Amino acid sequence: MSTAPGTGPAAGRSRPARWLARRTLRGRLIAGLLALLAVACAAVGIVTYVSLHGYLLGQLDQQLGQASDRYQACLGHPPPPGDGDSQPGPPHPDSPYDCAQRQQQQTFSAQVSNGLITHSYVSYGTCTLSHADKAVLTSAPPGGPPFTSELCGLGDYRLLAVPGPAPGVTYITGLPMTQVDSTLRQVAIVEIAVFAAALVLTGVLGTGFVRLSLRPLRRVAATATRVTELPLASGEVTLPERVPDADPRTEVGQVGAAFNRMLGHVEAALARRAASESRLRRFAADASHELRTPLAAIRGYAELARRHPGPVPGDIAHALARVESESARMSVLVDELLLLAQLDAGRPLAKEPVDLTRLAIDTTSDARAASPSHRWTLELPDEPVLVEGDEHRLHQVLANLMSNAAKHTPEGTTVTLAVVTAENPPTVRVSVTDTGPGIPANLQPALFERFVRGDSARSNGGASTGLGLAIVQAVTTAHGGTVSVTSRPGHTSFVITLPRLASVAAGA
């Protein structure tokens, strides 16, 4: 027979462990302290109860032996010497009733002869034996140890059966267990009350003590939380936060000292990274700026050579065309590197109202003219959609996405540019979706990094610098937006989300 998951014995045993795992360290310590105290109190209570029960039962058995001796002496049959501390009774026996009434209150006295109860009395009370009571009394072995049984509906009695003067005769004496049970009940109530108060007091004091003991650990956690809130990825390399009171003599102090050393190493590593990125940005900006002049000269001399009045040989003309083409391509690369360097340095962009619907129409028209073999569609809202930003750079973002779709998808692919608005918060969502072969899954995480080129299965052979999508992300981020991509065979979608212009959003 199969067992449902999570319902077997192993799941039952692991439930306390799962409960503790969801608690804080302070909660686990307090729960462990209270659990240990509860076990100790339970052990003390059980030992005390058992010991007291044995002691009270021993005293009752001693009183029972004395009562049995008195009963036998009253009937004219004194017990053998040494079987009690009572004095011998009178030489002539009294009636069983009189002897029973001379016992202390609620004492049971009975005589069994040949398996029949000849008389039974309870001093200063009445006793009506049931069949079960009679069975217990007639089966009691004479001379055996005291035993406990319920009699006459009066509660538990401690009974002692002794042999009588004649064969087959047994005298039975019993004392009520009321006093013993009452004492044990009161002790149990007192123990429960005292132990409960001790648990409550320990819980309150233990909570305060544990909170005080864990205060240094909370400082470590608070420092770690503040460090995680620092903008470390934005070039911030100063880590002023340190764990106070990092005493190496304590365990928490050792953790704090190690955490402080780790923060020092992280700060040094971030400083080295920031310095390296700064040098790289300066190099890219300087190199891009310095390369503009020789590239312009190369293109100028190539054009000048093509204007030679005499005939130009075919191979020379081809070489000049290649020089012009590659210098133009390198000029584009230099311009893109310079733009990325400027964006990395945080150079502010223009901030003016830009109509995204008009930009979408212009870029779609340009893409249709540049790649007529693709099917270009446009989805726009009924009203113009305005954002605040740099019109030239936003046009470059849309142009790069449309050019990317044209270069990396085969002829006949449908490319759709859609502009959709959203509220709460007011944003605009621009998507460029194509029905091409898709982007490999292993390439998608690094797609917006620099010099990353698409897989050959998605490319139609067009040249690519590998900086187009990096520029898309950099410009979108500079405008306070985000860019994402989802791709599978037959569907690739680049989505740009930008904040809408506040005045337009308010009036919508």
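The values are calculated or read from the model by the stated rules, or taken from the named source; none is laboratory data. The structure displayed is predicted, hence computed values, not measured ones. Here Cβ is always computed from backbone atoms with ideal geometry, including for glycine, and neighbour counts include all displayed protein chains. The area values use the complete protein model at the heavy-atom level, side chains included, leaving out ligands, DNA and RNA. Shrake-Rupley method; radii C 1.70, N 1.55, O 1.52, S 1.80 Å.
Across segment 473-488, computed HN-Hα scalar couplings (Karplus, 6.51 cos²θ - 1.76 cosθ + 1.60, θ = phi - 60°) run 5, 5, 5, 4, 5, 5, 8, x, x, 9, 9, 9, 9, 10, 8, 8 Hz from first to last residue, x flagging Gly and Pro.
With a simple spin-label model that places each label point 7 Å from the Cα along the Cα-to-Cβ direction, the separation between ASN442 and THR250 comes to 5.2 nm.
The C-alpha atoms of the chain define a longest principal axis, and helix 178-213 lies at about 20 degrees to it. Remark: the Cα gyration tensor places segment 314-381 in the oblate category, a/c being 1.5 or greater and a/b not exceeding b/c. Measuring nothing but how far apart in sequence close Cα pairs (under 8 Å, 6+ apart) lie, relative to its length, segment 252-366 scores a relative contact order of 32 percent. Taking the Cα atoms of the chain, the ratio Rg/Rh between the radius of gyration and the Kirkwood radius comes to 1.46.
Coupling constants for segment 107-121 follow from the phi torsions by the Karplus curve (6.51 cos²θ - 1.76 cosθ + 1.60, θ = phi - 60°), and in residue order they are 7, 9, 9, 8, 10, 10, 10, 6, x, 10, 7, 7, 7, 8, 9 Hz; glycine and proline get x. With all protein chains in place and a 1.4 Å probe, the accessible surface of the chain carries 60 percent carbon and sulfur. Calculated [222 nm] ellipticity per residue, helices only, for the chain: -18000 deg cm²/dmol; basis is -39500 (n - 2.57) per DSSP H run with n ≥ 4, divided by all residues, nearest 500.
Residues whose amide H comes within less than 5 Å of that of HIS374, counting only those at least five positions distant or on another chain, are GLY412 (H built at 1.01 Å from N in the peptide plane).
Specify whether the C-alpha gyration tensor of segment 123-229 places it in the rounded, prolate or oblate class, a ≥ b ≥ c being the square roots of the eigenvalues: rounded for a/c under 1.5, otherwise prolate if a/b is larger than b/c and oblate if not. Here segment 123-229 falls in the prolate category. The mean sequence distance of close C-alpha pairs (under 8 Å, at least 6 residues apart), as a share of the length of the chain, puts its relative contact order at 8 percent.
Accessible area per residue was computed with a 1.4 Å probe on protein heavy atoms; HIS119 scores about 20 Å². Remark: the chain carries a charge dipole of roughly 1200 debye about the Cα centre, counting +1 on each Lys and Arg Cβ and -1 on each Asp and Glu Cβ.
The residues of segment 169-280 expose on average 60 square angstrom of accessible surface per residue, using a 1.4 Å probe on protein heavy atoms. Taking DSSP loops as anything outside H, G, I, E and B, show the longest stretch in the chain free of GluC sites (Glu not before Pro) there with at most 12 other beta carbons within 10 Å. Result, exposed sites excluded: 1-228.
Among the cysteines of the chain, those whose beta-carbon sits 4.7 Å or more from every other cysteine beta-carbon are CYS41. With both residues required to sit in the chain, DSSP beta bridges show an antiparallel share near 90%.
Projected label points at ALA132 and ALA35, each 7 Å from Cα along the beta carbon direction, are separated by 4.2 nanometres. In this structure, VAL194 and THR118 have a Cβ-Cβ separation that, at R0 = 45 Å, corresponds to a calculated FRET efficiency of about 0.35.
What the phi angles of segment 415-422 give under the Karplus curve with 6.51, -1.76 and 1.60, with θ = phi - 60°, is a coupling list of 10, 10, 9, 10, 10, 10, 9, 9 Hz, glycine and proline written as x.
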